[in-house]
Amino acid sequence: KKYQLELKFCESVVTEMMKTKHAKFSYPFLKPVDPVALNIPQYLKIIKKPMDLGTIEKNLKDGNYQTAKDFYNDVVLMFNNCYKFNPETDDVHKMGKMFQQLFDSLWSQ
Ligand SMILES: Cc1ccc(Nc2c(-c3ccc(O)cc3)nc3c(C)cccn23)cc1
């Protein structure tokens, strides 16, 4: 069916984004933000729906996305959480922009 092909494409995008060759800017996004480890107790007050690429990959594998758009929305949520919490001057904000550039290029192929 059409959506199965769409979701196969989403899996190929996640696989590429998780490759170690992108680690210099991907690492803050591969696992859920840990407010204790990062000493940011305010994080869950500011970010109502945390999202990360590991969770997105699990959602894909568990069949939790009905369409590619649902997948796309979680990836964009992940980046927007980063931009909301980390000021533009922060390295993590800049890493988010670089990682989103990679995503945009993969998404439009
Ligand atoms: C005191 C302080 C300030 C900023 C941060 N940001 C940050 C984030 C982060 C990623 C996504 C997101 O939505 C929010 C935060 N991930 C990190 C990592 C992996 C290392 C260092 C900083 N990191 C951490 C601590």
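Quick test of your reading of the structure: residue 31 fulfils all but one of (1) assigned to a helix (DSSP H, G or I); (2) surrounded by 11 or more Cβ atoms within 10 Å (Cβ to Cβ); (3) of a type outside the set (Val, Ile, Thr). Name the failing condition by number.
That leaves (1) as the condition not met.
Report the residue count in the stretch 69-109 for those that are among the polar types (S, T, N, Q) and either touching a residue at least 24 places away in the same chain (Cβ under 8 Å) or closer than 19 Å to residue 19 by Cα (or both).
Result for the stretch 69-109: 6.
For residues that are more than 16 Å from the ligand (Cβ to nearest atom) and over 17 Å from residue 24 (Cα atoms), scanning just the stretch 74-109, find the one that is surrounded by the fewest Cβ atoms within 10 Å (Cβ to Cβ).
108
Just to check your reading of the model, which residue among 66, 109 is part of a loop (DSSP other than H, G, I, E, B) and in contact with a helix residue (DSSP H, G or I) (Cβ under 8 Å, 6 or more places away or on another chain)?
After applying the criteria, what remains is 66.
Which residue out of 7, 44, 102 is in contact with a Pro (Cβ under 9 Å, 6 or more places away or on another chain), in a helix (DSSP H, G or I) and either modelled with pLDDT under 95 or not polar (S, T, N, Q) (or both)?
Exactly one of 7, 44, 102 is in contact with a Pro (Cβ under 9 Å, 6 or more places away or on another chain), in a helix (DSSP H, G or I) and either modelled with pLDDT under 95 or not polar (S, T, N, Q) (or both), namely 44.
Being in contact with a Pro (Cβ under 8 Å, 6 or more places away or on another chain) and more than 8 Å from the ligand (Cβ to nearest atom) is the filter here, so list the residues in the stretch 21-41 that pass it.
The answer is 32, 35, 41.
Does at least one position in the stretch 15-23 carry a residue that is exposed (fewer than 13 other Cβ atoms within 10 Å of the Cβ), touching a helix residue (DSSP H, G or I) at 6+ places or on another chain (Cβ under 8 Å) and part of a loop (DSSP other than H, G, I, E, B)?
no
The values are calculated or read from the model by the stated rules, or taken from the named source; none is laboratory data. Just so we're clear, the structure is a prediction, and the values are computed from it rather than from any experiment. Every residue, glycine among them, receives a Cβ derived from its backbone with ideal geometry; neighbour counts consider all protein chains shown.
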